[in-house]
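Trainee: Supplied in structure tokens, the structure appears directly below.
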Amino acid sequence: MNFMLLTRIKEIVEEKGFKSFKAKQIADGIYKQFVSEFAEITTLSKDERAQLEGESILSLEVFRVFRSQEDNTIKALLKLRSSGKLIETVLLNPKPGLWSTCISSQVGCAMACSFCATGTMGFLQNLTAEEIADQVLFWKQFIRKESIRDSESGELAKLSNVVFMGMGEPMANMNAVLDAIAELTNPEALDMGARNISVSTSGLVPGIKLLAENFPQVNLAISLHAPNDELRNKLMPVANKAFPLEKLAESIRWYLEKTNRKIFFEYILLKGENDSLELAAELVEWFKKINAPHLTHINLIVYNKTDSGHEESSRNQAREFKEYLTKNGFPATIRRNLGRDIMAACGQLVIKQNQ
Ligand code: SAH
Ligand code: SF4
């Protein structure tokens, strides 16, 4: 069973024999003031705080923190208290006033995508719902402790957005991911907006269905990377063999019908592999089958180099690819990931740490 923080607070209060209203005070300390230790909750008496000594709030602890010199990106390696394994999470500030975190759902990943550092680790373990949601709480605590300020408002950074684009395939650990989203959006806990949460998947059809049924307001991002099965099987062997492009298109049509929400497609441009205009034309044909240009957006991603042997496309090729899609009615933008100097793309840091 997943041991979520709110439940644990109630249990602690009972166990220690505190008055039951103390549960609310502790929850306020954790979710409104973002204290890092129970001892910082000033509404508790000295004696109560002493009784909570040694109890940790988070299911993970900080191992190392890396700050980008290029932008405000901060990456943390966190150690799971349960197994000692490391995961990555990133704090992003794409523009003044907007703070977002990229969180992990698994240690490693079984999908073995050829371009992805996490994919080369293989699958090590699923995270629990608590370990997933605690990454967000970790950053809320970090912002307060380190006094991370927004350049526009001068106030402490207001972390409002969450993307499941860290290590792992969220839809291969869907029960925990759904429980974590429930915790993130719970008004008594982190109280985040469902529309500010995005789940990125390599295209696992049952997960897409579960997301639409449970959290239709949560954004869906699909990692596409290729317009035909032959190429997609090479780049994303596990995901595409399980759910080839025809099946994926069918599931996307169903999703759009059900939710009427825009889907974001990720397409990493890999030099000489998936970036030709012939493939752009195939991509347009595939999107025509979905037939909802106003509800699809294509993010063309500049590749972060790993040891995989792939290369990023030239700027010129990327621009031509983008213009082809846009001219043919399917809007696309080129996106450079933040924090390239601290290897903020998926899995890169844990791998380096283990080398
Ligand atoms: N497993 C999920 C979510 C994690 S990966 C998925 O695949 O969608 C999140 C995004 O990071 C994906 O779009 C993935 O393709 C991208 N990514 C992985 N390695 C990358 C790299 N080296 N450079 C740029 N993007 C990368
Ligand atoms: Fe797993 Fe996503 Fe990396 Fe593929 S890109 S190996 S699905 S984390």
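Trainee: So is Glu55 closer than 20 Å to Ala189 by Cα, more than 15 Å from ligand 1 (Cβ to nearest atom), modelled with pLDDT under 95 and surrounded by fewer than 22 Cβ atoms within 10 Å (Cβ to Cβ) or not? It would help to see each step written out before you state the result.
Mentor: Numbers: closer than 20 Å to Ala189 by Cα: yes; more than 15 Å from ligand 1 (Cβ to nearest atom): yes; modelled with pLDDT under 95: yes; surrounded by fewer than 22 Cβ atoms within 10 Å (Cβ to Cβ): yes.
Criteria met by Glu55.
For (1) out of contact with any strand residue (DSSP E or B) (no Cβ under 6 Å at 6 or more places or on another chain); (2) of a type in the set (A, V, I, L, M); (3) within 12 Å of ligand 1 (Cβ to nearest atom); (4) not in a strand (DSSP E or B), each residue gets a yes or a no:
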{"site": "Val90", "(1), (2), (3), (4)": "no, yes, yes, no"}
{"site": "Val107", "(1), (2), (3), (4)": "no, yes, no, no"}
{"site": "Ala112", "(1), (2), (3), (4)": "yes, yes, yes, yes"}
{"site": "Ile132", "(1), (2), (3), (4)": "yes, yes, no, yes"}
{"site": "Leu137", "(1), (2), (3), (4)": "yes, yes, no, yes"}
{"site": "Gln141", "(1), (2), (3), (4)": "yes, no, no, yes"}
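Trainee: How about region 65-88: which of its residues are part of a loop (DSSP other than H, G, I, E, B), touching a residue at least 24 places away in the same chain (Cβ under 8 Å) and under 20 Å from Met121 (Cβ atoms)?
Mentor: Ser82, Ser83, Lys85
Trainee: Hey, Thr120 hits all of (1) more than 15 Å from the chain's Cα centre (by Cα); (2) more than 30 Å from Ser308 (Cα to Cα) but one; which does it fall short on?
Mentor: Unmet condition: (2).
Trainee: Here is a follow-up. For region 162-195, enumerate the residues that are at negative phi, within 15 Å of ligand 1 (Cβ to nearest atom) and not β-branched (Val, Ile, Thr).
Mentor: Result: Phe164, Met165, Gly166, Met167, Glu169, Pro170, Met171, Ala172, Asn173, Met174, Ala176, Ala180.
The values are calculated or read from the model by the stated rules, or taken from the named source; none is laboratory data. All figures in this text were calculated on a predicted structure; none of them were measured in a lab. Cβ sites come from the backbone with ideal geometry, for glycine too, and all protein chains shown count toward neighbours.
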